[in-house]
Amino acid sequence: NAGVMQNPRHLVRRRGQEARLRCSPMKGHSHVYWYRQLPEEGLKFMVYLQKENIIDESGMPKERFSAEFPKEGPSILRIQQVVRGDSAAYFCASSPPAAGRIETQYFGPGTRLLVL
Amino acid sequence: SQKIEQNSEALNIQEGKTATLTCNYTNYSPAYLQWYRQDPGRGPVFLLLIRENEKEKRKERLKVTFDTTLKQSLFHITASQPADSATYLCALAKEAGNNRKLIWGLGTSLAVNP
């Protein structure tokens, strides 16, 4: 049973370009979370999605950032017109459908975005 | 808003000793609290979860306590090994249910010296 997959692992973009980060959750998991982690900072929640629905995007910047989790295929975090401040590690986590009220999140290895 | 504080200074201990890491939070009590381990260049790995109505949880050499009066969780690693060296993150969930957004501490770096 493969874990959470993220690709690419490293992504270099120039200012103004678009960055697309992909996340394939663990098999059987229907919930996906995206986090951003900056050096010397903690993980910051960005968005929580279920298949075809955005449940909570309160942590995601209103402009340039978007996320989707289509019925088929991976979840995508898209950053348009990247700026240097977007350079960070972006982690995806997944969890199964709630069998109870508590679940654990399983993290992928992250995508390290560097904006030149 | 909810705030989580973990020991900001790195913890250095000798192999075989018990490591104790602290997680303090403010404001409302979380539905549950989790501890994760993160190695450099990798994603966090879940270790233990403790519910608001639990005082203590154990797993092999790991032990977590949860004091809702003090608003504090302690994470213990007994008989520590150099392989335990990593950053340990505390995360809490405001409420179980549909909003599963976790709030994270900055983590405490642990170094176990041989």
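Some notes on this structure:
- Qualifying GluC sites (Glu not before Pro) in region B:1-69, DSSP loop, other Cβ atoms within 10 Å at most 10: B:9, B:60
- Here chain B is treated as an ellipsoid with the same Cα gyration tensor; its semi-axes, largest first and in whole Å, are 24, 14, 13.
- Using a simple spin-label model with pseudo-atoms 7 Å out from Cα toward Cβ, residue A:40 and residue B:81 lie 3.5 nm apart.
- Subset of A:44/B:55; B:3/B:71; A:27/A:71; A:27/A:51 violating a 18 Å alpha-carbon distance limit: A:44/B:55
- Estimated inter-spin distance, residue A:50 and residue A:12, nm [label 7 Å along Cα→Cβ]: 4.2
- Near residue A:72: Cβ cut-off under 15 Å, other residues only, Lys/Arg at +1 and Asp/Glu at -1. The net charge is +2.
- Members of region B:41-63 that become less accessible by 20 Å² or more once partner protein chains are added (1.4 angstrom probe, chain alone as reference): B:41, B:43, B:44, B:46, B:49, B:51
- For region A:47-112, the list of trypsin sites (Lys or Arg not before Pro) that fall in a loop by DSSP and count at most 12 other C-beta atoms within 10 angstrom reads A:62, A:71.
- Cα lying deepest toward the dipole's positive end in region B:42-114, options B:45, B:114, B:62, charges on Cβ: B:45
- A:46, A:26, A:5, reordered so the largest accessible area comes first (probe 1.4 Å): A:5, A:26, A:46
- Residue range of chain B that is longest and free of trypsin sites (Lys or Arg not before Pro) which are both DSSP loop and sparsely packed (at most 12 other C-beta within 10 Å): B:56-114
The values are calculated or read from the model by the stated rules, or taken from the named source; none is laboratory data. This one's a predicted model, so the numbers in the text were calculated from it and none came from an experiment. Ideal geometry is used to build each Cβ from the backbone, glycine not excepted, and the neighbour counts take in all protein chains shown. Side chains are part of the model used for accessible areas, which takes the heavy atoms of the whole protein and leaves out ligands, DNA and RNA. Shrake-Rupley method; radii C 1.70, N 1.55, O 1.52, S 1.80 Å.
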